[in-house]
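Everything on this sheet refers to the single structure shown next.
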Amino acid sequence: MSDRVLRLGLAGLGAGARNILSGVTSHKGFRVAAGADVREQATQRFAEEFGAKPFPSLEAMCDSSDIDAVWIVTPNQHHARHAVYAADHGKHVVVSKPMAVTLDECKAMIAAAAANGVQLVAGHTQSMLPGARGLAELARSGKYGRVGMVQSWNFTPWVYRPRMPEELDERTGGGVVFRQAPHHIDIVRLIGGGMVRSVRAMTLKMDPERPVSGAFTAYLEFEDGTPATIVYNGYGHFDADELNSGERNSRRASQAAPVLSRSASREQQAELKESIRYGSAATAGRTAPDQGLAPFGYTLVSCELADLRQSNEGVVVYGEGGKVEEIALAKGEHRGWAELDELYQAVTTGKPVTHDGRWGLATQEVAVAILESARTRQEVRMQHQVPVPA
């Protein structure tokens, strides 16, 4: 690693920022130099804990000369505008999922980064964590023959965790298709080679008090004919962790946001949402605890010679006669570290970013297609896919 240290600013000091702070503070190539949020108590606490300069907005932060790069963790509907503004002011950009709400917004972000000669990383998906990366590398290694099909499922009470109104409005990037599907899509694209040919899907809205798509089932076909299914149920009473360990992952459950009753008022939701944001009185620690190798739901890869699945310890391999072995994986980096490492290598060595704007656009194209296919009851062909780099 180069001796160069990049000055990083975080835009949006909410629950998402807490999730990545462990990775942000552990990467030796970055120094947390600034934080921006509309909540003064959050920026002041951030300044005290990190010695960072506080700003009331992303624009004010990017207008300054105090940062080299910005991680955008603001509400989804602001991602594109904030990324373009940062790029126009010469700042490298990491943006949390979803990259943006519309494909045109994604394209504008890519164009702004290119025009200003800065790097753009589309990050914060589970595909960047060691467990998912290890599963994909083993599946695509050829050791078990070619990949035949991929299934990825997750069941959680996402809909009944504290949500602000924009989180339950698809026009502003709300609902599980925008907020959770990018994890599934990135994992499956990484395993399948990246090039999705078409999508057929259905979504579900099962609570009139929360009128947003809270569940979906999607069938993806890759250009080489490999089929994949992704299923997410945000109304889940069943916990998908049971598929990995036979019981609930107590570590993950203890760290998850509280679950509300169906009758909870908007005021109760807002109060609980505030309690899990960075800077609130309830968040005594500045970072959210890391979940190690805990998988995002349950992903099963069928290869010619074996079936593979991610586990809480690594990757389980099933061959003739059942379970053959469990390949342990190192816990590796904290959440957020991989995104910053891609950015750091690109800035200091010129190594191309893997999860760049084009990768993010391709993932968002699949997410948008899930909603379009559900609306039209038709298969949707892809136009913006890119392969996994060799």
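Here are some notes:
- Failed item in (1) surrounded by 24 or more Cβ atoms within 10 Å (Cβ to Cβ); (2) of a type outside the set (S, T, N, Q); (3) closer than 23 Å to Ala369 by Cβ, with Lys107 passing the rest: (1)
- Residues in the stretch 159-173 that are closer than 11 Å to Leu260 by Cβ and either among the aromatic types (Phe, Trp, Tyr) or not in a helix (DSSP H, G or I) (or both): Tyr160, Arg161, Pro162, Arg163.
- Whenever a residue of the stretch 40-61 is under 12 Å from Ala11 (Cβ atoms), its partners that are among the aromatic types (Phe, Trp, Tyr) and not in a helix (DSSP H, G or I), lying with C-beta atoms within less than 9 angstrom and at least six residues away or across chains, give the pairs Ala42/Tyr278; Thr43/Phe55; Phe46/Tyr278; Met61/Phe55.
- Checking Leu103 against (1) under 30 Å from Val317 (Cα atoms); (2) aliphatic (A, V, I, L, M); (3) touching an Asp or Glu at 6+ places or on another chain (Cβ under 8 Å), the condition it does not meet: (1)
- Of the helices (runs of 4 or more DSSP H) lying entirely inside the stretch 177-282, those containing at least 3 residues that are of a type outside the set (Ser, Thr, Tyr), at pLDDT below 95 and out of contact with any Asp or Glu (no Cβ under 6 Å at 6 or more places or on another chain) span 241-245, 250-255, 266-275.
- Residues of the stretch 69-118 that turn out to be within 16 Å of Glu365 (Cα to Cα) and acidic (Asp, Glu), as a count: 2
- Meeting the requirement of 1 or more residues that are modelled with pLDDT of 95 or more and either at positive phi or in the same structural domain as Val177 (by TED's automatic domain parsing) (or both), the helices (runs of 4 or more DSSP H) wholly within the stretch 77-143 are 130-139.
- For the criterion of being in contact (Cβ under 8 Å) with a residue 60 or more places away in the chain and either surrounded by fewer than 17 Cβ atoms within 10 Å (Cβ to Cβ) or of a type in the set (Gly, Ala, Ser) (or both), Ser127 passes.
- Residue match in the stretch 301-309 (condition: surrounded by 20 or more Cβ atoms within 10 Å (Cβ to Cβ), β-branched (Val, Ile, Thr) and not in a helix (DSSP H, G or I)): yes
- Leading residue by the ranking (surrounded by the fewest Cβ atoms within 10 Å (Cβ to Cβ)) among those in the stretch 352-378 that are polar (S, T, N, Q) and within 15 Å of the chain's Cα centre (by Cα): Thr354
The values are calculated or read from the model by the stated rules, or taken from the named source; none is laboratory data. What you see is a predicted model; the values in this text were computed from it and never measured. Neighbour counts run over all protein chains shown; Cβ positions are idealised from the backbone, glycine included.
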